[in-house]
1. Can you find a residue in segment 106-127 that is at pLDDT 75 or above, in a strand (DSSP E or B) and closer than 30 Å to GLY202 by Cβ?
2. Here are the criteria: (1) at pLDDT below 85; (2) in contact with a strand residue (DSSP E or B) (Cβ under 7 Å, 6 or more places away or on another chain). Tell me which single one ARG31 does not satisfy.
3. Within segment 194-207, is there a residue that is in contact with a Leu (Cβ under 6 Å, 6 or more places away or on another chain), β-branched (Val, Ile, Thr) and surrounded by 13 or more Cβ atoms within 10 Å (Cβ to Cβ)?
4. Go through the residues of segment 133-144 one by one and say whether even a single one is in contact with an Asp or Glu (Cβ under 9 Å, 6 or more places away or on another chain), surrounded by 14 or more Cβ atoms within 10 Å (Cβ to Cβ) and of a type outside the set (Lys, Arg).
5. Among strands (runs of 3 or more DSSP E) lying entirely in segment 149-242, which contain 2 or more residues that are within 18 Å of the chain's Cα centre (by Cα) and touching a residue at least 12 places away in the same chain (Cβ under 8 Å)?
6. Restricting attention to segment 67-78, does a residue exist that is within 25 Å of ARG167 (Cβ to Cβ), modelled with pLDDT under 90 and not basic (Lys, Arg)?
7. In segment 51-64, which residue that is out of contact with any Gly (no Cβ under 8 Å at 6 or more places or on another chain) and surrounded by 13 or more Cβ atoms within 10 Å (Cβ to Cβ) is modelled with the highest pLDDT?
8. Looking at HIS7, HIS38, can you tell me which residue is on the phi > 0 side of the Ramachandran plot and modelled with pLDDT under 85?
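The values are calculated or read from the model by the stated rules, or taken from the named source; none is laboratory data. Everything numeric in this text was worked out from a predicted model, so none of it was measured. For neighbour counting, all protein chains shown are included, and Cβ atoms are generated from backbone atoms with ideal geometry for every residue, glycine included.
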Amino acid sequence: MSAPARHNPEPHDRPGVLARRHATRLRHYWRSHGWACHDNIDLDLLRWGLIEEAAYSTQASCFLVTDAGRAALGDTVVRNRRARSHHAQVVDGVARHLAGLGRLVFTELSVHTAETDTDSTRWAPCKPDVFSLTRSLRPDHLAPQVHEIKVHRSDLLGELRSAKIARYRELAAEVYFVIAEGIATAAEIPCEYGVVVWREAGGFTLERAAHRHDYRLETRHWMAMARARPFIADDDTVQLSF
C-alpha cells in the first residue's frame, strides 16, 4: 500500500506549465513501477508534490504519482492536443497557399540527409513540415522551398540549436520558419532563413524573405517524393497575405 496522502502546499516556484523533461519523467512514473532516477528532476517533482515515495518499497526507491501529479499530466495532455491542432492548422494553411500558386506540395515527406562530423558521415531522416517546388522540367527552375511550422517558443529554440536546420538547406533553395505570433521575433532567427508570422485571427504575414541557397536534388530526393503523397487542396481556397 502507498503512504497516506499528505497535504503539501504548492511551492511558489512550481511552474504553471511543466517543462518537457519534467512532464516526460512524470509520464514515466505513471506508466511504470516508478523506480527512482535520483536526479534533480526527481527532486523538483518531489518538492512540487507531484510524486511521493512508496512506503512498501524495501529494495529500491519507488515513486508514485500524486493527485497533483495526475492533474499536471492531464493539463499537459490538453496543452499538447491544442498545440498539435494549431500546428496542423498552420501546416494546412501554408500548404493550401503554396498549392494555390501552382507548386507541387508535400506535407509528409521524409528524406535521408547527411550529417557530417570530423570522423564520418551519418544519414538521418529529415521531415520538413511543408516541402514544395515549382512544376518545371528544368532543374534550375524547380526553386524548392521548406516551410517549418513552430507554434511554441521551446520548439523553435530547440530547432535553432540543433543541426537539423542546416540539413533543410540540402533540400531547398529557400527555407522559411512560420511562427505563431508572439513566440519570437524575426531578429531571433538567423538571417538566412525567411520568417512568416501566423496570427490566429489575421492569417499570415511575410516578415522577411529567405536567402536563396544552392541546392542539388539527387535520386534519393526524387525517390522520397515518389513514395510520398502530394498535398491536394479541396475547392475551398484560403486567402493568405504572403
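1. Within segment 106-127, one or more residues are at pLDDT 75 or above, in a strand (DSSP E or B) and closer than 30 Å to GLY202 by Cβ.
2. Failing condition for ARG31: (2).
3. Residues of segment 194-207 that are in contact with a Leu (Cβ under 6 Å, 6 or more places away or on another chain), as a first pass: 196, 203-204.
Keeping just the survivors that are β-branched (Val, Ile, Thr) gives 196.
Then drop every residue that is not surrounded by 13 or more Cβ atoms within 10 Å (Cβ to Cβ), which leaves 196.
Among the residues of segment 194-207, at least one is in contact with a Leu (Cβ under 6 Å, 6 or more places away or on another chain), β-branched (Val, Ile, Thr) and surrounded by 13 or more Cβ atoms within 10 Å (Cβ to Cβ), which makes the answer yes.
4. yes
5. 174-180, 194-199
6. Initial filter on segment 67-78 (within 25 Å of ARG167 (Cβ to Cβ)): none.
Within segment 67-78, none of the residues are within 25 Å of ARG167 (Cβ to Cβ), modelled with pLDDT under 90 and not basic (Lys, Arg).
7. Here is the first cut: in segment 51-64, the ones out of contact with any Gly (no Cβ under 8 Å at 6 or more places or on another chain) are 52-53, 55-61.
Going one step further and asking which of them are surrounded by 13 or more Cβ atoms within 10 Å (Cβ to Cβ), we end up with 52-53, 57, 61.
On the way: GLU52: 87, GLU53: 83, SER57: 53, SER61: 77.
Only one residue tops the list, namely GLU52.
8. Residue meeting the stated conditions: HIS38.
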